[in-house]
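This report concerns only the one structure given below.
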Amino acid sequence: MAQKGDLLSVRQDLRVVDATIRDGGLCNDFRFDDKFVKDLYEANVKAGVDYMEFGYKASKEIFDEKDFGKWKFCNDADIRKIVGDNKTKLKIAVMADVGRTDFEKDIIPKKDSPIDLIRIATYINTIPAAIEMIEDCAKKGYETTINIMAVSKARTEDIVTALEILGQSPVNAFYIVDSYGALYPEESRKLAELYCSIADKYNKAVGIHAHNNQQLAFANTIEAMTQGVSYLDATVDGMGRGAGNCALELLLGFLKNPKYKVTPILKIIEEHTHKLKEDGVKWGYDIPYMLTGQFNTHPRPAISFVKDDRKDYSRFNNELFDIINS
């Protein structure tokens, strides 16, 4: 596939998605105060961001509300408290995990909700359940994306089969999700070519959600973008599970569309995310996350390593080797 645009192009199809509250919420159990969320919402509006993801629509039957902040559940009333009627160009998104969302009950018709986009997260082996959710949300009036997680572990033929099936659903966009931060730009480019070739066939868009285990989240994002990927996920200060994500300030500074402005996001870093770090919330590139990225495995062991304040990196490397090869 020929490169789409160049470094000086303005791509009108691009959509920047701020996932700070949702992915960043995995660092502090979604315990953000309303001031932070409100300030971030207003900053995203000023910065020209296209979508702001508020968190998850998690099942209250599976997850105890006492164990998490409210953005684990994203009650419509809580979102409306922040955005009102949201008379802005910014659209509101939430994520719904296959098997962990009571979507029939908790996702109400769009006409009664401040939410615009439901991002459905699935693994490659739960595509039929994901399609059921896509169809339900589409009937209720929402935009939808399908976020196929851990794509670095999936076989190409399985990805092709899944996308061909999903192409026949009402989903609006397919997402490349580098859950383990294992991809390199060449691999991101090839996946983007594959996803876009099938998306074009069914008139769908393609997005990318990158993790920064190997300090490649930004590189993978812009590499995929050159091949036609148009939904670009990022988070303020790279805040996200483990190593974090593509930094929103990097992405906005790179894009040439004058509607995007980085200064409002820099103010959020000044006033909020640095304080979160000072208060002990941890995220960002670190050796253990690099290692799980290189081993192409879930960052769970690295998260425990960081939480325990371990520094024995070579031993951890051997532990991972034994886990992967056991």
Extension gain, residue 3 back to residue 184 (0.36 nm per residue minus Cα-Cα distance, nm)
63.4 nm
Kindly provide the pair-distance distribution of the range 68-209 built from C-alpha pairs, with 10 Å bins from 0 and whole-percent values in order of increasing distance.
11, 41, 32, 15, 1
Consider just the alpha-carbon atoms of the range 8-136 and return their Rg together with their Dmax, both in angstrom.
14.8, 49
From the helices alone, meaning DSSP H stretches of at least four residues, give me the mean residue ellipticity at 222 nm for the chain, per-run term -39500 (n - 2.57), in deg cm²/dmol to the nearest 500.
-12000 deg cm²/dmol
quick shape note, the range 125-234: Cα extents on principal axes in Å, largest first -> 39, 24, 23
Quick one: work out the % antiparallel among DSSP beta bridges in the chain, nearest 5.
5
Could you list the chymotrypsin sites (Phe, Trp or Tyr not before Pro) in the range 14-88 that lie in coil according to DSSP, counting only those with at most 15 other Cβ atoms within 10 Å of their Cβ?
63
Just the number, please: Stokes-Einstein D of the range 235-326 in µm²/s, Kirkwood Rh from C-alpha pairs, 37 °C, 0.692 mPa s.
221
Bin width 10 Å, origin at 0, all Cα-Cα pairs of the range 227-273: what percent of pairs per bin?
26, 52, 20, 2
How much length is gained on full extension from residue 100 to residue 60, taking 0.36 nm per residue of separation minus their Cα-Cα distance?
13.5 nm
Taking only C-alpha positions in the chain, Rg and Dmax in angstrom work out to 18.7, 54
For a quick check, take a GNM of the chain with Cα springs below 10 Å and name the residue from 280, 207, 293 with the largest mean-square fluctuation.
280
Find the centroid of the Cα atoms in the range 240-292 and in the range 108-167, then give the distance between the two in whole Å.
27
What are the equivalent ellipsoid semi-axes of the range 173-214, built from the alpha-carbon gyration tensor (square roots of five times its eigenvalues), in whole angstrom, biggest first?
21, 11, 5
With Cβ to Cβ distances under 13 Å as the rule, what net charge do the other residues near residue 104 carry (K, R +1; D, E -1)?
-2
Would you please name the trypsin sites (Lys or Arg not before Pro) within the range 109-203 that are DSSP coil residues with at most 10 other C-beta atoms within 10 Å of their C-beta?
155
Roughly speaking, what % of Cα-Cα pairs in the range 1-74 are separated by over 18 Å, rounded to a whole number?
51
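Every number in this text was worked out from the coordinates using simple rules, so none of it is lab data. Note that the coordinates shown come from a computational prediction; the quantities given were computed from them, not determined experimentally. All Cβ positions, glycine included, derive from the backbone under ideal geometry; neighbour counts span all protein chains shown.
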